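I have placed the structure first, in the form of C-alpha cells, so that the comments after it can refer back to it.
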Amino acid sequence: MSRRAWYAVINGVVVAWMLAAGIALLAQTLEQSPSWLAVHLLLLGGATSAILIWSQHFADTILRKAGSRTRLGVRLALHTIGALAVVVGVTTGLWMLVLAGGTLVAATAAWHGTTLGVRLRRALPSRFGGLVLYYVAASLTLIIGVTLGVIMARADLTGTEHDRMFVAHVTMNVLGWIGLTVVGTVVLLWPTVLHARIGEQTRRRARIALVALCVGLLVVGMACLTGVWVAILLGTVVYLAGLAVIGIDLVGQAVRTPPVNYAGWSMGAALAWFAATIVAFGVRVATAGSWQGVASGFVALLVPFGIGFAAQLVMAALSYLLPVVFGGGPVKVRATNVELDRFGLFRVVVVNGAVLLAVIPGVPNAGVFLGVAVVVLLSTVVQSVRALIVARSLQEPTGGDRHVRREGAARPTMAGMLHVNSGAAMAAIGVLVLAASVGVAVANVSGSGGAASSSSAATGRTTSVHMVMKNMRFSPSTIDVPAGNRLVIHVTNEDDMVHDLTLADGITSGRLVEGESATVDAGVITRTVDGWCSIVGHRQLGMVFTVVATGATASHEASDGMQGMPDMTQTPQAGATSAAADIDWARMPAAGFTARDPLLKPAASGTVHDVTLTVRDTVTEVAPGVEQTLWTYNGTAPGPTLHGEVGDTFRVTLVNAGDMGHSIDFHAGSLSPNQPMRTIEPGQRLTYTFTATRAGIWLYHCSTMPMAAHIANGMFGAVVIDPPGLDPVAEQFVFVQSEYYLGPQKGVVDTAKLAAENPDLVVFNGYANQYVYRPIEVKAGQRVRIWVLDAGPNKASSFHVVGGQFDTVFKEGDYLLKNGGSTGVGGSQALDLQPAQGGFVELTFPAAGDYSFVTHIMSDAEKGATGTFHVTASAG
C-alpha cells in the first residue's frame, strides 16, 4: 500500500470517530441523549486514535527512524475494537464487554508505550529525542485511567468513593494521556506550523516540564487514593507550573512569528482552551468543599476541553499534517493548503466564539452554540476530502516548466491575512449573533408556553441563604430567588443524624454529620428547583425544600444544570430498574449456595454474654440472581441470633462500619431508650447492656429513622430467651420472616414500595425459598421446636407446616397450647404473628417424607416465604 493510501485509511478511522462523536453530541443537544457517549466517542475514540497514529509519526521524525506500519495498523485496529466494546458495553450494561474492551485498550496502550520506549533506547542521539518520553509516560496514564473506568462500571461504590475514582479516572485519561501527548508534540509542532525558530532552551524546558507534569499527576492520583481532596489543588498547581514552563516558549514563538493560517489559528486557540480549562479546574477545586464538588468541577469543563481543546486540536493538526504526509510535489501541497485554509478565519471565530458563549453562565439555550461549533468543526473533514481531491487532479510541472517563477510563494503576513479574511470574520460574527437570536427565541417560546423552564438571563447578582437541617426538616423549606440570580446556600446540620442537601440537577453538599456545615453553590436560578436529603428514606419522611425562581415561569422539574450536558459523575448502570425484574422462580441458586443454618445453638454458659455487632454495608444475594446492598449486623440479614435464659445479662458493643448513621433496639430488654438506642455515626461505637427478665423470642432492629427502611434493608435479628422449665426436644430451629422491597440490582430498599407495603419478596432467614433449595433434614418420630419471629416491617405471618400439626404453641410469653392442652388431644394448625411478635411451635413428624412450611398468607408464601423439612425414617 502506498504512503498516501496508508495515511488515508488510518486517518479515516480518526475521521469516523469524530463524525460519530459529532452526531452523538448533536443528538444530545437536541434530544438530551447521554453525554457519556459523546465524550467517549470523542476522547477514547477520535483523540486516542489520532494520538496512536501521530505520536508514532512524530517519534519517527524525532528519532530519524521509521516504525512499522503493520504494527501500528494492528495497534490501531485493536484499540478500535476495544474502544467500541467499551462504548457498547457501557451503553448496554454488559460489563464483561466493558472488561474485554478496557483490557484491549490498556494492552494496546502498553504495546504503544513499550514500542516507543524501546525505540528511544536503541536510537542514535537526537536533539529532541527526549520528547518521546512524553508519549511513554502518557501510555502509562492511559492504562491506569482505563482500569479505573472499568472498575467504576462494575464496582459498588459509595458516592464519595465514586467521586474519588471518577476524578482519578478523568485526570489520568485527560490530563495524562491526552495532556502529556499534546505537550510533548506541540513543543516541535507549534513552531513548525508557525515557521518559527526553536531555541536551545526549549529542549531544557521540555525536560523540566515533563517532570512537573508527571509530579502533578502523581499528586492528584495520591489525593484520590488517600481521600485528601484538597491535595488535588496542589497537584493541579504543579501541573500548571509544568505547562507554564513550556508555555513561555510557545507564547514567545507566537509573538515573534504570529500564525497566519487556519492550522495555526485553530491550534493556538485549542492550546489556550487547554490552559484555561486547567486553571478553571484549579479554581473549582479551591472552592469545591467536597469530593462531589471536585468531580462536578471536571464535568463542568467537558465542553471547553472536549470541543474547544481536543476536537479543535485534532482538526487543526489534521489540516497541517495532511499536506505534509500526502505530499505529491509543491503544486499539490500548495493547492491542498489553499483548500484547507479556505474560510479559515471564519471557522476559527465561529467555533471558539460558540464555545465561549456556551460556557458563559446564564446564556439561553447554550446547546444552540454547541451545535454550531460541532457542525463547523466537522466541516473541516469535508474540506480535507475536497482538498485531497483537488490536489490529486493537478499535475506537477515538468522540464522547463520547473523553472517558472512561483507566484505567491512568500509567507503571507498576519495583516495581509486579516485583510483578506475581514469579510469572513464579519460573517462569523453574524453567525454567532444569529445563533444567539435563535437561542433567545427558543427560550421565549418555551417560557411563554408554560414549559418546564424559564430562561431568565443571569443578573450578575447573588442570593445567599442560611439553611438548617433539624428534626428531619430543612429550615427554611422554601427559598425565593429572583430569576437570574446565583444562589449560594450555607447549610448546617443541627440534627443528631447524617443528612445532605441535594438539588434536582445533581448539586449536593455531600453528607454532613451533626454540627457540620457546607456551602452549596446552586448556580444561576432560572426556574423552580426541588431539593431534598438523599439519605434513604429521609425524603419520604418530609425532608424536602423548594427553590422558587421569582419572576420566572415556575416548574418543579430539574434545572438545566450544565447547559445541556447531563451529570457525568454518575456512571451508567445496567441495573437502573428494580431488581424485581430479575426474579425468576424457576432459577436455581449457584451450585455452591449454602442456606443459612436454622439450628438454634445452645445458650453460652454463664449469665453474662458479651456480643459485638458490627454494622456493614454488604452486597447480598436475596434470591437467585437478585442482589441488594443490605445494611447488616455482622454481615448477615437477619443478624446473629442471641440465646440466653431469664436473668442473663447481654453486654452488646455496637460498631458502625457503614456509611451512614445506625442504631439498635433490643425488645428483649426493658430500659430507658435515650442513650443505648441512640444513632451513632460511621466510625463510632456504643455499649448497650440489658438484662433479660422475660422469656420469648424478641426482635432487635435499627431504630434510626426512617425505621421501616432500615429494617427492610436488613437491620434486624432475634433474641431467644428460654422459658423456665422448657421441655427437651431433639432439635430447635429459628425462622425470622421479613420482607424485601427491591431497589436496583445491588441497590438499597425502594422506599416507594415500602410506603405502599408492596414487597417483592417475603422470606425466612433472609433468602427466598432457600429451604426449598436446601431442605432441612430431621427424623421421623423426633420432637422438634420451631421458633418463629415476624421482623416485618409490615407483613403479618401465619406459620404453618403442611402435613404437620402442632401440639404445643407458645406465643408472646405464654403457652396457648401445651402437650395437646387439657384434653391431651388438642392441636393447632398455624402460629399467627404480627410484625415484632414471636413464639414457637412443637410437633413430631409422623413419617418420612417432605413437609413444606409456609406462611399461610399464601400470596406471601408465593413470594418466597416457604421451605421444606426433609424427614427421613427413624433410626429405630
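The values are calculated or read from the model by the stated rules, or taken from the named source; none is laboratory data. Computed from a predicted model, the values in this text were never measured in an experiment. A quick note on method: Cβ atoms are made from the backbone with ideal geometry, for glycine too, and the neighbour counts reach across all protein chains shown.
Going by what's in this entry, would P846 be described as crowded, with 17+ Cβ neighbours inside 10 Å and assigned to a loop (DSSP other than H, G, I, E, B)? Taking the combined requirement at face value, the residue does not satisfy it. Suppose we keep only residues that are of a type in the set (S, T, Y) and either surrounded by 19 or more Cβ atoms within 10 Å (Cβ to Cβ) or not assigned by TED's automatic domain parsing to the domain that holds P259 (or both) within the stretch 183-233. Which one would you say is modelled with the highest pLDDT? Of everything passing the filter in the stretch 183-233, T185 is modelled with the highest pLDDT. For the stretch 596-620: of the residues being among the acidic types (D, E) and at pLDDT below 95, which is surrounded by the fewest Cβ atoms within 10 Å (Cβ to Cβ)? Of everything passing the filter in the stretch 596-620, D610 is surrounded by the fewest Cβ atoms within 10 Å (Cβ to Cβ). Among the residues of the stretch 692-719, those identified as farther than 25 Å from A756 by Cα and crowded, with 18+ Cβ neighbours inside 10 Å are A692, A695, G696, I697, W698, A718, V719. Within the stretch 603-632, the residues that satisfy the criterion of being of a type outside the set (A, V, I, L, M) and under 25 Å from S578 (Cβ atoms) are R616, D617, T618, T620, E621, P624, G625, E627, Q628, T629, W631, T632. Condition check: buried (at least 17 other Cβ atoms within 10 Å of the Cβ), touching a strand residue (DSSP E or B) at 6+ places or on another chain (Cβ under 8 Å) and in contact (Cβ under 8 Å) with a residue 40 or more places away in the chain. Does F806 satisfy that? When the stated conditions are applied, F806 does not pass them. Is there a residue in the stretch 73-83 that is over 32 Å from the mean Cα position of the chain (by Cα) and in contact (Cβ under 8 Å) with a residue 40 or more places away in the chain? Yes - at least one qualifying residue is present in the stretch 73-83. Considering the stretch 545-577 alone, what residues qualify as being part of a strand (DSSP E or B) and at pLDDT below 85? T550, M562, M565, listed by residue number.
Taken together, the residues in the stretch 82-122 that are within 13 Å of V136 (Cβ to Cβ) and either surrounded by 16 or more Cβ atoms within 10 Å (Cβ to Cβ) or hydrophobic (A, V, I, L, M, F, W, C) (or both) amount to 11. For the stretch 204-220, the count of residues that are farther than 20 Å from A263 by Cβ, outside any helix (DSSP H, G or I) and in contact (Cβ under 8 Å) with a residue 24 or more places away in the chain is zero. Entry remark, the stretch 476-519: residues being in contact (Cβ under 8 Å) with a residue 60 or more places away in the chain, under 12 Å from V465 (Cβ atoms) and either hydrophobic (A, V, I, L, M, F, W, C) or buried (at least 22 other Cβ atoms within 10 Å of the Cβ) (or both) number 3 in total.
Comparison of G820, G792, G813, G838 shows that the only residue that is modelled with pLDDT under 95 and surrounded by 20 or more Cβ atoms within 10 Å (Cβ to Cβ) is G792.
Strands (runs of 3 or more DSSP E) fully within the stretch 664-754 that include at least 3 residues being hydroxyl-bearing (S, T, Y): 685-691. Sub-6 Å Cβ pairs linking a first residue in the stretch 629-652 that is on the phi > 0 side of the Ramachandran plot to a second residue that is in a loop (DSSP other than H, G, I, E, B), at least 6 apart or interchain, are N634/P640, ordered by first then second residue.
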